[in-house]
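These notes are about the structure you will find just below.
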Amino acid sequence: MGGRVLTDWDRNLLGDPFGLWLSGRERQELEAPEFRRAAVLVGLTLEPDPRLLLTVRSNELPTHKGQISFPGGSLEAGETTVQGALREAHEEVGLDPAGVQVLGELDDVVTPFRFHVTPVLARLPAELHLNLSGEVAELLLPRLSELRASAPTSEERISPLGRPITIYHYPWRGHDIWGMTALVMREVLESGVG
């Protein structure tokens, strides 16, 4: 006895299609011990046509100026990927971790800047109350249906691990979503969920 009472939020997540998709697949983990560990939050709003939480990085940052990214960054000592993704999302866009329901981890990716990134898939409330930090120039919330309807282009490159990799570019309302962000986003878009 003594279990916790289910909230409406919990009831909405029971049988969440993205959670079911994650549980039915094998996550691709990478071994890259020489790379710096990082995590990003792949936040999807909890609504019939989910919106994806993306940021435009400030032009004042030392790297990736003006690029579109997920909230995220380097892990601190002793921090898990989930803890890091939630901390970074709180720092960058003021996302309250208490309102986030983590579903699991997507496939690991590496960046040319030698980061080994674990994307953390999560559900967010449909009504977001965010406060952008100086690291973020703009907030983007494209609907999955809009992203799926776009016509992405691609190019072939060699990854930092020396393997061929496809770099995708997704146009959305005058923005170019590309690189690691587009690669992770593509995994969600191709899930067939949402």
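Laboratory data are not the source of any read-out in this text; all were calculated from the coordinates shown. This structure is a prediction, so every number in the text was calculated from the model and none was measured. Note: ideal-geometry Cβ built from the backbone for every residue, glycine included; neighbour counts use all protein chains shown.
Numbers below:
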read-out	value
Tilt relative to the chain, helix 179-189 - C-alpha long axis, 0 to 90 degrees, to 10	40
Residue-averaged 222 nm ellipticity for the chain, from DSSP H runs of 4+ at -39500 (n - 2.57), nearest 500	-6000 deg cm²/dmol
Calculated from backbone phi, Karplus (6.51, -1.76, 1.60) coupling profile of the range 30-42 in Hz, x at Gly/Pro	10, 9, 8, x, 7, 9, 7, 7, 8, 9, 10, 9, 9
Relative contact order (%) - the range 46-108, alpha-carbon pairs under 8 angstrom, separation at least six	20
Per-residue HN-Hα couplings for the range 152-168 [Karplus 6.51, -1.76, 1.60; θ = phi - 60°; Hz; x = Gly/Pro]	x, 10, 8, 9, 9, 9, 9, 6, x, 8, x, 9, x, 9, 9, 9, 9
C-alpha long axis of helix 81-93 to longest principal axis of the chain, angle in °	80
Amide proton proximity set for D96, modelled H, under 5 Å, gap of 5+	none
Residues with amide H under 5 Å from that of Q67, placed H, sequence gap 5 or more	R57
About the Cα centre, charge dipole magnitude for the chain (Lys/Arg +1, Asp/Glu -1 at Cβ), debye	200
Formal net charge of residues neighbouring D49 (Cβ-Cβ distance under 9 Å; K, R +1; D, E -1)	0
Summed residue charge, Cβ within 12 Å of E187's Cβ, Lys/Arg positive, Asp/Glu negative	-1
Amide H within-cut-off set for L121, under 5 Å, with H built and near neighbours excluded	V42, L103, G104, E105, L106
Whether the chain is rounded, prolate or oblate, judged on the alpha carbon gyration tensor where a/c under 1.5 counts as rounded	rounded
Most mobile of V100, V109, V120 in a GNM of the chain (Cα contacts under 10 Å)	V100
Distant alpha-carbon pairs in the range 134-180 (separation over 16 angstrom), percent	51
Under Karplus coefficients 6.51, -1.76 and 1.60, residue-wise ³J(HN,Hα) of the range 96-102 in Hz, glycine/proline x	6, x, 5, x, 9, 10, 6
